[in-house]
1. Could you tell me whether residue 66 is open to solvent by less than 90 Å² (accessible area, probe 1.4 Å), out of contact with any Leu (no Cβ under 7 Å at 6 or more places or on another chain) and at pLDDT below 95?
2. State which residue is farthest from residue 53 (Cα to Cα) when the search covers only region 7-31 and only residues that are among the basic types (Lys, Arg) and surrounded by fewer than 14 Cβ atoms within 10 Å (Cβ to Cβ).
3. Identify, please: which residue in region 9-51 is among the polar types (S, T, N, Q) and assigned to a helix (DSSP H, G or I) and is, among those, nearest to the chain's Cα centre (by Cα)?
4. From the list 2, 60, exactly one residue is modelled with pLDDT of 95 or more, surrounded by fewer than 11 Cβ atoms within 10 Å (Cβ to Cβ) and over 10 Å from the mean Cα position of the chain (by Cα). Which is it?
Amino acid sequence: MKNRNYIQRRVPPDLSRIDIREQWQITFWTLELRTTQERLTRAVREAGPEADRVRAWLEKNPPPGTTR
């Protein structure tokens, strides 16, 4: 019997780069980095598509109203 509630999570082939041209990759990276689509998009535009640089940008630029 198949489990109808099973959802396969797609994983990008290259985890060192973030591609924000496809919605499924945006979904993957927002869950992976625990951020919003807006912050992810801004981070990629300002820091570039390298995942390590995006992580660093997100750490240096916390959302408004949060404390470190």
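1. Criteria met by residue 66.
2. First pass over region 7-31, keeping only residues among the basic types (Lys, Arg): 9-10, 17, 21.
Now narrow it down to the ones that are surrounded by fewer than 14 Cβ atoms within 10 Å (Cβ to Cβ): 9-10, 21.
On the way: 9: 24, 10: 22, 21: 18 Å.
Checked region 7-31; the qualifying residue farthest from residue 53 (Cα to Cα) is 9.
3. To start, the set of residues in region 9-51 that are among the polar types (S, T, N, Q) comprises 16, 23, 25, 27, 30, 35-37, 41.
Now narrow it down to the ones that are assigned to a helix (DSSP H, G or I): 23, 25, 27, 30, 37, 41.
Details: 23: 11, 25: 7, 27: 7, 30: 3, 37: 7, 41: 9 Å.
It comes out as 30.
4. 60
The values are calculated or read from the model by the stated rules, or taken from the named source; none is laboratory data. This structure is a prediction, so every number in the text was calculated from the model and none was measured. Please note: Cβ atoms are built from the backbone with ideal geometry, for glycine as well, and neighbour counts cover all protein chains shown. With ligands, DNA and RNA removed, areas are computed over all heavy atoms of the protein, side chains included. Shrake-Rupley method; radii C 1.70, N 1.55, O 1.52, S 1.80 Å.
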